[in-house]
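The values are calculated or read from the model by the stated rules, or taken from the named source; none is laboratory data. All of these numbers come straight from a predicted model, not from anything done at the bench. Note that we place each Cβ from the backbone using ideal geometry, even for glycine, and neighbour counts take in every protein chain shown.
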Protein chains: 2
Amino acid sequence: MLDVFKKYITDKVVLSETEWSQIEAVCSLKKLRKHQFLLQEGDIWRTHAFICQGCLRRYGIDDNGIEHTIQFSIENWWAGDRESLMSGTPSKYNIDAIEDSTVVLIKNNEFETLCKLIPAFNDLINNILFKSLNASQERIHASISLSAEEKYLHFIKNSPDIAARIPRHMMASYLGITPETLSRIRKQVTNK
Amino acid sequence: MLDVFKKYITDKVVLSETEWSQIEAVCSLKKLRKHQFLLQEGDIWRTHAFICQGCLRRYGIDDNGIEHTIQFSIENWWAGDRESLMSGTPSKYNIDAIEDSTVVLIKNNEFETLCKLIPAFNDLINNILFKSLNASQERIHASISLSAEEKYLHFIKNSPDIAARIPRHMMASYLGITPETLSRIRKQVTNK
DNA sequence: CGATTCTTTGAAAACAGTCAATCTGTGTGG
DNA sequence: CCACACAGATTGACTGTTTTCAAAGAATCG
């Protein structure tokens, strides 16, 4: 499974074998079964997680017990809670597996060492940060400017790979609408 | 005005005088009058902008001519369009001044040189990235989980400094509601 | 001032949420 | 392998929220 991670990196930057060994040395693989938590509200997140296979979901639970999905992550993406990581405070979110999944874990201090040691790795990570930020902005834009139906269409158009493999009630919680509303929207859309 | 920028940096990291000179050498000051554009839709954004004084706003305009505000930035924050900067494509957004403002501009290639040359500067910028990302996530969470009234309360609680100096119709466009709805919400809230 | 833009208000319509019931599919234990 | 239980999805009727459109008041700027 580690080769998924290696391929991901070497597809993006040039890495010597020595450098890859340095990375490999601090990686640990973890298998998650469907419904298993990677992070639970109240825990402190201290690692970085790369997804080799599967699908994870980060969500918060409000005072009424309603789940609100912040993010879905599939193969070749990262998962985690940067806020908890940076501040060292307990996480407000949960991350669990929607499918049986395999992730690479790297402890934060070792991760930071890698960034300092291997410029290419650092560049790669920075690039991901940029991309995440752009994606967030895009989502904010969508969420303040689109109607429920438009949000749904926007999502299935821009993330068809994710949309196809998640349950609808989670999609609803990601779009910020109720499962009932999503159901009606889908009915409407197919009738066009 | 540049001293605002210097203070901002030296409050966060330790910098030698030589390093500051290197930074100073690539800074240019720009004054913006209220309503003046820093970036217009279709332009390519190639710089970094730090706000010494004033208030800027980044927004997109949809097919119906409605403005949607992505971000407000005041003194001691940055403004720009990373998406356009990174991809080199025309921006989808406008940035203009809500008040008479003064910004420091640094060309992107010189900015990148600074990051490579001055580790402290690089750390600083990375830290801002992290913070921006966290703030974005927080906003996404708010926008999918809160009602219009809650979003309003959340905003004035978390950004009282910004909330106090922007016109209401812009606040509405930031919260993703109509000016009329915001007006009614405010009336309700004060009657409690 | 006068003109423009911003804010507020009202009434009606569109939209999305709630609650309850039914339908569907999946997986588990007997 | 079937039957049952259970979670998820859909539907209907109703309620509540937000938008739309139109108009009237404030506030601001030249």
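(1) within 14 Å of chain B (Cβ to nearest Cβ); (2) in contact (Cβ under 8 Å) with a residue 24 or more places away in the chain: which one isn't true of A:Cys52, the others all being true?
Unmet condition: (1).
Identify, from the list B:Ile106, B:Ile144, the residue that is surrounded by 17 or more Cβ atoms within 10 Å (Cβ to Cβ), touching a Gly at 6+ places or on another chain (Cβ under 8 Å), of a type outside the set (Ser, Thr, Tyr) and at negative phi.
Matching residue, one of B:Ile106, B:Ile144: B:Ile144.
Residues that are modelled with pLDDT of 95 or more, over 18 Å from B:Pro167 (Cβ atoms) and assigned by TED's automatic domain parsing to the domain that holds B:Met170, at least 1 per element: which strands (runs of 3 or more DSSP E) completely within the range B:1-78 meet that?
No strands (runs of 3 or more DSSP E) qualify here.
Pick out the one residue from B:Asp100, B:Asp81 that is touching a strand residue (DSSP E or B) at 6+ places or on another chain (Cβ under 8 Å), within 16 Å of DNA strand C (Cβ to nearest atom) and assigned by TED's automatic domain parsing to the domain that holds B:Val14.
Sole residue among the options that is touching a strand residue (DSSP E or B) at 6+ places or on another chain (Cβ under 8 Å), within 16 Å of DNA strand C (Cβ to nearest atom) and assigned by TED's automatic domain parsing to the domain that holds B:Val14: B:Asp100.
Any residue in the range B:87-94 that is closer than 29 Å to A:Ala148 by Cα and within 11 Å of DNA strand C (Cβ to nearest atom)?
There is no residue in the range B:87-94 that is closer than 29 Å to A:Ala148 by Cα and within 11 Å of DNA strand C (Cβ to nearest atom).
Out of curiosity, is B:Leu124 surrounded by 14 or more Cβ atoms within 10 Å (Cβ to Cβ), within 16 Å of DNA strand C (Cβ to nearest atom) and of a type outside the set (Gly, Ala, Ser)?
For B:Leu124, the condition - surrounded by 14 or more Cβ atoms within 10 Å (Cβ to Cβ), within 16 Å of DNA strand C (Cβ to nearest atom) and of a type outside the set (Gly, Ala, Ser) - is not met.
Tell me, please, whether a residue that is more than 12 Å from DNA strand C (Cβ to nearest atom), in contact with a helix residue (DSSP H, G or I) (Cβ under 6 Å, 6 or more places away or on another chain), of a type in the set (Ser, Thr, Tyr) and within 13 Å of another protein chain (Cβ to nearest Cβ) can be found in the range A:134-142.
The answer is yes; a qualifying residue exists.
Counting only residues that are touching a residue at least 12 places away in the same chain (Cβ under 8 Å) and part of a helix (DSSP H, G or I), how many does the range A:97-111 have?
Number of matching residues: 3.
Could you tell me which numbered condition B:Ser145 fails, if it satisfies all but one of (1) under 15 Å from A:Ile140 (Cα atoms); (2) within 14 Å of DNA strand D (Cβ to nearest atom); (3) under 17 Å from the mean Cα position of the chain (by Cα); (4) not aromatic (Phe, Trp, Tyr)?
Of (1) under 15 Å from A:Ile140 (Cα atoms); (2) within 14 Å of DNA strand D (Cβ to nearest atom); (3) under 17 Å from the mean Cα position of the chain (by Cα); (4) not aromatic (Phe, Trp, Tyr), only one is false for B:Ser145: (3).
When you check A:Leu114 against the structure, is it more than 30 Å from A:Ile156 (Cα to Cα), away from chain B (no Cβ under 13 Å), of a type in the set (A, V, I, L, M) and not in a loop (DSSP other than H, G, I, E, B), yes or no?
In short, yes.
Which one of B:Ile166, B:Ile162 is in contact with a strand residue (DSSP E or B) (Cβ under 7 Å, 6 or more places away or on another chain) and near DNA strand C (Cβ under 9 Å from one of its atoms)?
Result: B:Ile166 is the single residue among B:Ile166, B:Ile162 that is in contact with a strand residue (DSSP E or B) (Cβ under 7 Å, 6 or more places away or on another chain) and near DNA strand C (Cβ under 9 Å from one of its atoms).
Would you point out the residue of the range A:167-182, among those that are in a loop (DSSP other than H, G, I, E, B) and more than 17 Å from the chain's Cα centre (by Cα), that is nearest to DNA strand D (Cβ to nearest atom)?
That would be A:Thr178.
So in the range B:148-166, with the set limited to residues that are surrounded by 15 or more Cβ atoms within 10 Å (Cβ to Cβ) and within 13 Å of DNA strand D (Cβ to nearest atom), which one is nearest to the other protein chains (Cβ to nearest Cβ)?
Only one residue tops the list, namely B:Lys151.
Among the numbered criteria (1) at pLDDT 95 or above; (2) within 30 Å of B:Ile118 (Cα to Cα); (3) outside the structural domain of A:Asp11 (by TED's automatic domain parsing), which one does A:Ile106 miss?
For A:Ile106, the exception is condition (3).
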